[in-house]
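Let me begin by presenting the structure, written as structure tokens, before commenting on it.
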Amino acid sequence: MKNISILGSTGSIGTQTLEIVGEHPDKIKVGSISGNTNIELLKEQIIEFKPKLCCVMNEENALKLKKMLPPHIKTEIVSGMEGLIEVAEYEPSEILVTAISGMIGLKPTLAAIKKGKTIALANKETLVTGGQYIMNLAKKNKATILPVDSEHSAIFQCLMANDTKAINKIILTASGGPFRGRDIEYLKSITVEDALKHPNWSMGKKITIDSATLMNKGLEVIEAKFLFDINIDQIEVLVHPQSIVHSAVEFIDHSTIAQLGHPDMRVPIQFALFYPKRMKNSFESLSLATIGTLTFEKPDINTFKCLGLAFEALEVGGTMPTVLNAANEECVKLFLDKKINFLSIGNIIEEVMLSHCPWEIDSIETILAAEEYAKTKINEIL
């Protein structure tokens, strides 16, 4: 029986993780979970999965949830960042699924790493902002980081029977989002509603907007560099509209291995939960004959500048990826609140990056200071 904790159990990754737990109740037990605003769903999850600990980030919502629970439920309800860290450090759990979105996931993930836990990493911000510092910390504390993103899970699986020193390049695939093939003129009139219509994946609002700007792929490029310890020139991005090939690895003998499957996040989540074993499930089997055609094309980084900015941030190094990520997080919020237009996301991020002289990352305080710098600069720009 594996014990797991989930940061962000009410989000897309969190709910799908619990679906997998529901399929394997004799093999996985949920020890602790966290949420924020969807307390009705948290209540249902607590009743069904009976975790010992639940954090609701908002204290008022935490008090509401306590009152909503039946008397026989003994789950402890905590709140705030201290509560999130409690969930991450929960002693019986061997695996922490970091399904929480944004920089808020950084501190609890670091806490779990320091406890030597296995991290099923779905929170991009951890490695994008912390990079080598996070990887070194994991190595020092003998914590294992297993990727949950479909692309990084695909690469991880392609590398399982091969030496990472034999990598020639990594090919990260991108769906292209809802605006693939569109030009800048078209993007000037994009609405929030337009940007939230992803053609293949069902995800949270933030990651869906990131997919529309191609920033999501840019963040994955940064993650890949640190996860697989490769050089920036060994990473190639290809747009693959069908989202069947989740990523591939070309080796030094020019043999390429790819991982394929339907666009279903439960597959990489299950792989991380049961690694190194593979488990049967009820998911749909892939029929290449039915799909018929798989296509690939180069991304348009002139129209979708966020992807190019991510490569630039990675090349500069230090806190530049941290600033890129924090600026993007703020700009996506502003766009969702209809305070800036779609193209302004990339333009503002670029302006913030041009103003920043990066620092070396030697602590979490450095990461948080860089985040604060980006937020302050955006306020000045606006």
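The values are calculated or read from the model by the stated rules, or taken from the named source; none is laboratory data. All of these numbers come straight from a predicted model, not from anything done at the bench. Ideal geometry is used to build each Cβ from the backbone, glycine not excepted, and the neighbour counts take in all protein chains shown.
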Restricting attention to the range 269-287, which residues are among the small types (Gly, Ala, Ser) and not in a loop (DSSP other than H, G, I, E, B)? Ala272
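Kindly indicate which of Leu219, Leu214 is in contact with a Phe, Trp or Tyr (Cβ under 6 Å, 6 or more places away or on another chain), within 22 Å of Phe296 (Cα to Cα), aliphatic (A, V, I, L, M) and modelled with pLDDT of 95 or more.
On inspection, the qualifying residue turns out to be Leu214.
Quick one: which of Ile232, Ile207, Ile184 is surrounded by fewer than 18 Cβ atoms within 10 Å (Cβ to Cβ), closer than 24 Å to Thr322 by Cα and touching a residue at least 60 places away in the same chain (Cβ under 8 Å)?
Ile232
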Odd one out for Glu330 among (1) closer than 26 Å to Pro241 by Cα; (2) surrounded by 20 or more Cβ atoms within 10 Å (Cβ to Cβ): (1)
Take the range 128-153 and flag every residue that is of a type in the set (A, V, I, L, M, F, W, C), in contact with a strand residue (DSSP E or B) (Cβ under 9 Å, 6 or more places away or on another chain) and either within 16 Å of Val221 (Cβ to Cβ) or assigned to a helix (DSSP H, G or I) (or both). Ile134, Met135, Ala138
Please tell me if Asp210 is more than 27 Å from Glu23 (Cβ to Cβ), under 20 Å from the mean Cα position of the chain (by Cα), part of a loop (DSSP other than H, G, I, E, B) and not assigned by TED's automatic domain parsing to the domain that holds Tyr133. no
Among the residues of the range 73-108, how many are hydrophobic (A, V, I, L, M, F, W, C), under 19 Å from Leu121 (Cα atoms) and assigned to a loop (DSSP other than H, G, I, E, B)? 2
Boolean, Val21 is surrounded by 16 or more Cβ atoms within 10 Å (Cβ to Cβ), on the phi < 0 side of the Ramachandran plot and part of a strand (DSSP E or B): no
Can you tell me how many residues within the range 349-367 are over 23 Å from Leu307 (Cα atoms) and surrounded by 13 or more Cβ atoms within 10 Å (Cβ to Cβ)? 2
Taking Ile301, is it surrounded by fewer than 16 Cβ atoms within 10 Å (Cβ to Cβ), under 30 Å from Ser344 (Cβ atoms) and among the β-branched types (Val, Ile, Thr)? no
Applying the selection to the range 43-60, what residues are touching a strand residue (DSSP E or B) at 6+ places or on another chain (Cβ under 8 Å) and either at pLDDT below 95 or within 19 Å of Pro108 (Cα to Cα) (or both)? Pro51, Lys52, Leu53, Cys54, Cys55, Val56, Met57, Asn58, Glu59
Taking Gly83 and the conditions (1) closer than 15 Å to Thr10 by Cα; (2) surrounded by 22 or more Cβ atoms within 10 Å (Cβ to Cβ), which numbered condition does it fall short on, given that it satisfies the others? (1)
Any helices (runs of 4 or more DSSP H) falling wholly within the range 288-382 and containing at least 2 residues that are of a type in the set (A, V, I, L, M, F, W, C) and under 25 Å from Asn231 (Cβ atoms): 305-316, 320-336, 342-355, 364-381
Would you mention how many residues in the range 135-150 are modelled with pLDDT under 95 and either over 14 Å from Ile13 (Cβ atoms) or among the aromatic types (Phe, Trp, Tyr) (or both)? 0
Of the residues that sit in the range 291-331 and are under 21 Å from Ala174 (Cα atoms) and among the polar types (S, T, N, Q), which one is nearest to the chain's Cα centre (by Cα)? Asn325
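Conditions tested, residue by residue: (1) part of a loop (DSSP other than H, G, I, E, B); (2) farther than 27 Å from Pro268 by Cβ.
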{"position": "Thr10", "(1), (2)": "yes, no"}
{"position": "Val30", "(1), (2)": "no, no"}
{"position": "Ser34", "(1), (2)": "no, no"}
{"position": "Thr37", "(1), (2)": "yes, no"}
{"position": "Ile46", "(1), (2)": "no, no"}
{"position": "Cys54", "(1), (2)": "no, no"}
{"position": "Asn61", "(1), (2)": "no, yes"}
{"position": "Lys64", "(1), (2)": "no, yes"}
{"position": "Pro71", "(1), (2)": "yes, yes"}
